[in-house]
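Presented below is the structure to which this report refers.
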Amino acid sequence: LAKTTQPISMDSYEGQEVNITCSHNNIATNDYITWYQQFPSQGPRFIIQGYKTKVTNEVASLFIPADRKSSTLSLPRVSLSDTAVYYCLVAPLGWRGANNLFFGTGTRLTVIP
Amino acid sequence: DSGVTQTPKHLITATGQRVTLRCSPRSGDLSVYWYQQSLDQGLQFLIQYYNGEERAKGNILERFSAQQFPDLHSELNLSSLELGDSALYFCASSPATSGNTIYFGEGSWLTVV
């Protein structure tokens, strides 16, 4: 089971790039790294997923070093609407077993005007 | 809109009572997941069903039960309610147990008074 550790909270000014790092020292060979975003009183929504190196989509980038023991979610030029909780989830593609479905406490990002 | 529908959106009930929360997954999704989120807490995984069968179990209390019906909708039954059960209950769905992305509904707010 790959336990994840994220900072509890982060603050950033509008327009800055934000990097949120997740540690997962016990990541398994078949584990993928997935990030979700949750706004207050809403269900989490998928942001990005990766296995190694770098993945980019229209919303964010995900950087994964060669040893895969951590990952960094990068949000370019954040705006006030990016204020949310961000969850890092490490699980095999099959997501078998209850332990793989635990989201943890996430990182509360607050964007300041 | 994730395509996952939850009812009711809000519910207020007294301690000791029983309530049923309903979830309709996205069209074609076979897996349904239930999560509990108390105020300012992380997402607690409760239970997962796949095509009518229980597949994974998390920290679900014995007072709580769930099922998935042949039409794939799911119900979460909460009985002998306590004040501490007040929370936002999310349902999520994915195409299969091998789904690596799950889609959350907007949640059902339960307030126990």
* Structure fact -> Summing +1 per Lys or Arg and -1 per Asp or Glu among the other residues with Cβ less than 12 Å from A:Val78's Cβ gives -3
* **Under 20 Å, Cα to Cα: Lys pairs in the protein assembly as shown, sequence gap 8 or more or different chains** => 5
* Calculate the spin-label point distance for B:Asp1 paired with A:Asn57, positioning each point 7 Å from the Cα along the beta-carbon direction, and give it in nanometres. => 2.0 nm
* **All-pairs alpha carbon distance profile, chain A, 10 Å steps from 0, percent** => 15, 49, 30, 6, 0
* Structure fact -> For B:Phe64, the net charge from surrounding residues (Cβ-Cβ under 14 Å; K, R +1; D, E -1) works out to -2
* Tell me, A:Ile20, A:Ile47, B:Ile102 in order of fewest to most beta-carbon neighbours within 10 Å? -> A:Ile47, A:Ile20, B:Ile102
* Taking the C-alpha atoms of chain B, convex hull volume expressed per residue in Å³ -> 93 Å³
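Kirkwood hydrodynamic radius, computed over distinct alpha-carbon pairs, for the range B:1-46: how many Å, to one decimal?
Evaluated over the range B:1-46, this radius sits at 12.8 Å.
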* **Average projection area in nm² (convex hull over Cα atoms of the protein assembly as shown, one quarter of hull surface)** => 12.1 nm²
* To do: First measure r as the distance between the Cβ atoms of A:Asn25 and A:Ser74, then evaluate 1/(1 + (r/R0)^6) with R0 = 25 Å and state the FRET efficiency to the nearest 0.05.
  => 0.75
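Every read-out reported here was derived from the displayed coordinates using simple, explicitly stated rules and does not represent laboratory data. It should be emphasised that the depicted structure is a prediction, and the values quoted were computed from it without experimental measurement. Counting neighbours? That spans all protein chains shown, and the Cβs are built from the backbone with ideal geometry, glycine included.
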